[in-house]
Amino acid sequence: MDKKIIEFWFPIKEVGLEGQKEKQVAVGRPPSIHNYFARRPTAAARAIILASILKIPEDDKDLSMIFKLIIDYGKRDAPNYVNVNGKKFKTEIIIQELLDKQKININKMKGFDLFSGGGTFPLEMRYLGLNSYSSDLNPVAILIEMATCNYPQNIKKSLIQEIESIFNRAQKYLEKNLKEYFSNSIKNGNQVKFYLWAFEVDCSECKLKIPLIKNSRLSKKYNWSLEPNIPNSDISNLIEFKISPVKNAVKYYTNGKIICPRCQKTLNNEYIMEWISKYPHSHRLLAIYEDLGKKSDKKNARGQFRIPNKNDFIKAQVDRNEIEEKLLNKYPSLNLKFPDKALHWSIQNFGIKSIFKCFTSRQLLVLKTLLDFIEIIKEEKKNFLNEEINRAIFIYLSFGIVKMADFNSVFTFLKSMTSPRLANSFSRSGLRMSGTFVEVNPINKSTSGSWMKYFDSLKRALINLIKHPIIDGSSIFINQMDAMELEYENNSMDFCFTDPPYYDNINYAQSMDFFYTWHKAALSDIFPDIFLFDSTPKENELIQEKFRHGGNKNAKSFYEKGMGKAFYEIFRVLKPEGLAVIIFAHKDTNAWETLLQAIIDSKLVITASWPLLMESASPLRSKNIASLDSVVILICRKQERKPMIYFDEKFRNFTEQSIVDKLESQWRLGFKGADFFLSAMGPALEVLSSYEAILDIKTDTFIELNEYLRFIDQILVNFSLKKALNQDTIQIDGETQLYLIWKLNYGIQKLKYDELWKFLKSLGLEEKNLIGKIIIRTKINSKIVYSCMEIDDKINDFKKDKYNPNTIIEKILFLAYLWGNESPKLSERVEIYLKSDGEKIWEVAQSICNMIPDSNENRLISGLLKKYSIQEVNSNNKEQRLKNSQKKFFVKNGKIEWKL
Ligand SMILES: C[S@@+](CC[C@H](N)C(=O)[O-])C[C@H]1O[C@@H](n2cnc3c(N)ncnc32)[C@H](O)[C@@H]1O
Ligand SMILES: [Zn+2]
């Protein structure tokens, strides 16, 4: 079996950086075509696929050239030309030449993705000339894939011309039918950009109508906020607002409660939920943002807020019953009800249990007008509905409709007021009550969320998809299919590239129902197979949805068993010489064990793995809690496993060495904290999955995965300690070891229990004995987290006369504290500790200084070390690290070597 490049080398640093950049700018990229969750960067997918197709050549020069090609090809925007050995080549030509040289007949090969979502892998497979088999359970994913991986590449330029003309026609139709419902800017007569609304609740005591405003600040930059005027109860119950400087901002709706600004009565969450359930359309128009028609500079905004006038209120009054009735008569599918409870959805608590309740009446009118337009076009093209170009046109028109729905519901909110920027309803998985919401004017071409703004971004994405270099001769097959039961033959596929769903991260099907209903209205007669059901299929969806499976425990087990079946399907349909690449991206480390067990049980053998830092920093980072920003790419084969092996010293040493080698390079590439620990998982599994079984000779039992992973944790702990102390582990107590590992890997970050647990286990420590001594336990967002104690946290202990620490770390922190306070006790304590612990005290203190520069701790410990004239024990440590980071690799005899 030929080894592939990805089993030997992968440019994790370069691809990771490109992926991060790609995620930051969506303009011109596939995600801007249609909202979907958990999309992977195309740059990473592209590099992964190319590195999986190409074999390792015999000639070192060829190998170096391939490395460079993969790095270039893995750029955010796939380059049309690449430089190879000083010459410029068209990308597809140089790739085709390489394929020919390696005797790879790419058009005869098949690759599949069984969880294809937005279609990142199928798209890049197709560009590389593979026959791409794409499947997902979710019908909306299928539509997105057709629009991303099929039509642009098949129809090419004429697609854009056709779409441009039809979107322009739709714009004119919208203007004609909707103009009278939208206001003009007072200054220049331009159409307004958007409206700011709020849900409103009556005070149970004084009857004041209170809008659910979390913060009436509109823009800090331009110093705008809504300032209320609270009327006396005998005059009115309506709060009036004016636009004022930010200092007058108010917050009525915080932590799910309202405190009445007139009578101070607290209205709790239950009251608010009940009120909105009873009066679901109690929406209050608060302000209007109008276009001033000028370019914004640093000081002046492009537009301004104003308070609505009588005319604005009249225009907003649209007969809701009439629209709902007309829509339902024609499209009964729009009568969709949401389940009472759903993962990541909380709007049902407010009685918002159906699709129509997600929109104001004017928003519904916009969506209806667009559906009317589609009907007109369908009538025009009724004899040609099966032509590919027409099918494509209807899909993109329908995408335009759902874009309007996503940017124009009672969950669209103001993200930032600098431009200002609006956030779509599904900026995250699930729907939540924001209190205030934004209604976009869909006919104002310059407003994000408007019809023509969507067309602009669609056009840019399509142009990029069309001009992407492509190896001719590939085809794509897109099917709705359950990953647990693939409709492919045994041993039929050359490759699998996939990125599965992860536990309870995302509620795909439930969220996509919001879009599915509108798509069904627009498209079910053209694509009847995709719209067989009232909503997206949920029963077999592989997520951990507690409300669907009777609690979290059942849901977890359903998910894990299902993933086991899906992995087995990968094994079944892969050819014996085939290769599967599976991305793992779960944020919680403890969830990993079961999923990994499922891969091992499926009989796949992990032949290589690469950690990739490609997620933008997770939101938890802002709270300074250690969490994963990396994913792991596992390369799997169907090959035979090696016979059973004993868990003896030889095996342990060999495993440790092979893992430590990888850890060294990952450390050098900047993997730190949780990401660093995760980066050991791949190499560890490579060893484990390559054997039939591992037998512990002492107990005569097979080593289970969790036992094996504890052994790996121990390797990680030893590795970290060596790094911290810059020498082989000296004999120091467990608490001090924990402190060093923590500071080296996580700095001041807090740890969740499962992250901490593996260290405690490896160091033989117990949480209860450490609290208040070296760790602190706190709660953030009702989750327990731990932080590592610092000098400031221990001052109360230090002040006690009888304070008598027994671990090295506590002694060092205590000495540093005494030094900082110029305490007369210092010399006496130093003498005592040196007697009991010797030079270790200074060695550990020096290591801490090397690890945590610019901290208060460092300043105090450095001072202490200087006072006792301790030479820099690890003086070349920093220099060495710098040298390491400047090392470059080169290839010799088919192996990577590092040079300065
Ligand atoms: C992480 S996403 C894939 C994202 C994709 N890689 C991308 O870049 O857009 C996982 C996908 O698995 C799909 N899925 C969940 N259960 C499934 C099942 N039983 N069969 C097929 N697909 C399923 C979800 O609908 C979702 O689209
Ligand atoms: Zn009141």
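The values are calculated or read from the model by the stated rules, or taken from the named source; none is laboratory data. Only a predicted model underlies this, so the values are computations on that prediction, with no experimental measurement involved. Note that we place each Cβ from the backbone using ideal geometry, even for glycine, and neighbour counts take in every protein chain shown. Side chains included, ligands, DNA and RNA excluded: accessible areas come from the protein's heavy atoms. Shrake-Rupley method; radii C 1.70, N 1.55, O 1.52, S 1.80 Å.
Return the total of residues in segment 468-519 being acidic (D, E) and more than 16 Å from ligand 1 (Cβ to nearest atom). Let's see the steps before the verdict.
Within segment 468-519, the first condition is being acidic (D, E), and the residues that meet it are 472, 482, 485, 487, 489, 494, 499, 504, 513.
Then keep just the ones that are more than 16 Å from ligand 1 (Cβ to nearest atom); that gives 472, 489, 494.
Looking only at that region, the number is 3.
Looking only at segment 195-215, filter to residues that are of a type outside the set (A, V, I, L, M), touching a helix residue (DSSP H, G or I) at 6+ places or on another chain (Cβ under 8 Å) and more than 10 Å from ligand 2 (Cβ to nearest atom); which one of those is nearest to N184 (Cα to Cα)?
Within segment 195-215, the subset of a type outside the set (A, V, I, L, M) is 195, 197, 199-200, 202-207, 209, 211, 214-215.
Next, only the ones that are touching a helix residue (DSSP H, G or I) at 6+ places or on another chain (Cβ under 8 Å) stay: 195, 199, 202, 204.
From the residues that got through so far, the ones that are more than 10 Å from ligand 2 (Cβ to nearest atom) too are 195, 199.
Details: Y195: 12, F199: 24 Å.
Selected residue: Y195.
Tell me which residues, restricted to segment 701-710, are modelled with pLDDT under 90 and either acidic (D, E) or open to solvent by 20 Å² or more (accessible area, probe 1.4 Å) (or both).
E704, N706, E707, R710
Quick one: in segment 206-228, of everything that is open to solvent by 60 Å² or more (accessible area, probe 1.4 Å) and modelled with pLDDT under 95, which residue is farthest from ligand 1 (Cβ to nearest atom)?
N223
Inspect segment 162-169 for any residue being more than 24 Å from W518 (Cβ to Cβ), surrounded by fewer than 19 Cβ atoms within 10 Å (Cβ to Cβ) and of a type outside the set (A, V, I, L, M, F, W, C) and give the result as yes or no.
So in segment 162-169, the residues more than 24 Å from W518 (Cβ to Cβ) come out as none.
There is no residue in segment 162-169 that is more than 24 Å from W518 (Cβ to Cβ), surrounded by fewer than 19 Cβ atoms within 10 Å (Cβ to Cβ) and of a type outside the set (A, V, I, L, M, F, W, C).
What are the pairs, 6+ residues apart or on separate chains, where a residue within segment 600-627 that is at pLDDT 65 or above and outside any strand (DSSP E or B) has its Cβ under 6 Å from a residue that is open to solvent by less than 30 Å² (accessible area, probe 1.4 Å) and among the hydroxyl-bearing types (S, T, Y)?
Partner pairs satisfying both residue conditions: I600/S689; L613/S630.
Could you say which residue among L458, L462 is buried (at least 21 other Cβ atoms within 10 Å of the Cβ) and in contact with a Pro (Cβ under 9 Å, 6 or more places away or on another chain)?
Working: L458 fails: in contact with a Pro (Cβ under 9 Å, 6 or more places away or on another chain).
Selected residue: L462, the only one of L458, L462 that is buried (at least 21 other Cβ atoms within 10 Å of the Cβ) and in contact with a Pro (Cβ under 9 Å, 6 or more places away or on another chain).
Is it the case that some residue within segment 177-184 is away from ligand 1 (no atom under 16 Å from the Cβ), open to solvent by less than 10 Å² (accessible area, probe 1.4 Å) and of a type in the set (F, W, Y)?
The initial filter retains those residues of segment 177-184 that are away from ligand 1 (no atom under 16 Å from the Cβ), namely 177-184.
Subsequent filtering for residues that are open to solvent by less than 10 Å² (accessible area, probe 1.4 Å) retains 178, 182-183.
Subset that is of a type in the set (F, W, Y): 182.
Yes, the conditions are met somewhere in segment 177-184.
Out of Y289, Y279, which single residue is surrounded by fewer than 15 Cβ atoms within 10 Å (Cβ to Cβ), of a type in the set (S, T, Y), more than 16 Å from ligand 1 (Cβ to nearest atom) and under 30 Å from I352 (Cα atoms)?
Working: Y289 fails: surrounded by fewer than 15 Cβ atoms within 10 Å (Cβ to Cβ).
Just a single option satisfies the conditions, and that option is Y279.
Does K157 fit the bill of being touching a helix residue (DSSP H, G or I) at 6+ places or on another chain (Cβ under 7 Å), among the charged types (D, E, K, R) and open to solvent by 10 Å² or more (accessible area, probe 1.4 Å)?
It is true that K157 is touching a helix residue (DSSP H, G or I) at 6+ places or on another chain (Cβ under 7 Å), among the charged types (D, E, K, R) and open to solvent by 10 Å² or more (accessible area, probe 1.4 Å).
Quick one: is D77 assigned to a helix (DSSP H, G or I), among the charged types (D, E, K, R) and modelled with pLDDT of 85 or more? Before you say what the answer is, go through the steps one by one.
Numbers: assigned to a helix (DSSP H, G or I): no; among the charged types (D, E, K, R): yes; modelled with pLDDT of 85 or more: yes.
Answer is no for this residue.
If we scan segment 524-536, do we find a residue that is of a type in the set (A, V, I, L, M), open to solvent by less than 40 Å² (accessible area, probe 1.4 Å) and either closer than 19 Å to I144 by Cβ or assigned to a loop (DSSP other than H, G, I, E, B) (or both)?
Looking only at segment 524-536, we keep the residues that are of a type in the set (A, V, I, L, M), and these are 526, 530, 532.
After this cut, where a residue has to be open to solvent by less than 40 Å² (accessible area, probe 1.4 Å) as well, the list is 526, 530.
Keeping just the survivors that are either closer than 19 Å to I144 by Cβ or assigned to a loop (DSSP other than H, G, I, E, B) (or both) gives 526, 530.
Yes, some residue in segment 524-536 is of a type in the set (A, V, I, L, M), open to solvent by less than 40 Å² (accessible area, probe 1.4 Å) and either closer than 19 Å to I144 by Cβ or assigned to a loop (DSSP other than H, G, I, E, B) (or both).
Kindly indicate which of K68, K103 is open to solvent by 30 Å² or more (accessible area, probe 1.4 Å), away from ligand 2 (no atom under 16 Å from the Cβ) and not in a loop (DSSP other than H, G, I, E, B). Don't jump to the end; show me each part of the working.
Working: K103 fails: not in a loop (DSSP other than H, G, I, E, B).
The unique qualifying residue is K68.
Restricted to segment 243-260, and to residues that are surrounded by 15 or more Cβ atoms within 10 Å (Cβ to Cβ) and in a strand (DSSP E or B), which residue is farthest from ligand 2 (Cβ to nearest atom)?
Per the stated criteria, the residue is I243.
Got a sec? Which of I784, I776, I812, I795 is of a type in the set (A, V, I, L, M), touching a residue at least 12 places away in the same chain (Cβ under 8 Å), in a helix (DSSP H, G or I) and surrounded by fewer than 18 Cβ atoms within 10 Å (Cβ to Cβ)?
On the way: I784 fails: in a helix (DSSP H, G or I); I776 fails: in a helix (DSSP H, G or I); I812 fails: surrounded by fewer than 18 Cβ atoms within 10 Å (Cβ to Cβ).
Answer to the selection: I795.
Anything in segment 1-44 that is assigned to a helix (DSSP H, G or I) and hydroxyl-bearing (S, T, Y)? List them, or say none.
Step one: of segment 1-44, the residues assigned to a helix (DSSP H, G or I) are 5-7, 12-24, 30-32, 42-44.
Selection gives S32, T42.
Any residue at all in segment 721-741 that's open to solvent by 70 Å² or more (accessible area, probe 1.4 Å), under 27 Å from K650 (Cα atoms) and acidic (D, E)?
Scanning segment 721-741 turns up at least one residue that is open to solvent by 70 Å² or more (accessible area, probe 1.4 Å), under 27 Å from K650 (Cα atoms) and acidic (D, E).
Checking F37 against (1) buried (at least 21 other Cβ atoms within 10 Å of the Cβ); (2) within 16 Å of ligand 1 (Cβ to nearest atom); (3) under 20 Å from the mean Cα position of the chain (by Cα); (4) of a type outside the set (D, E, K, R), only one condition comes out false. Which one?
All conditions are met except number (1).
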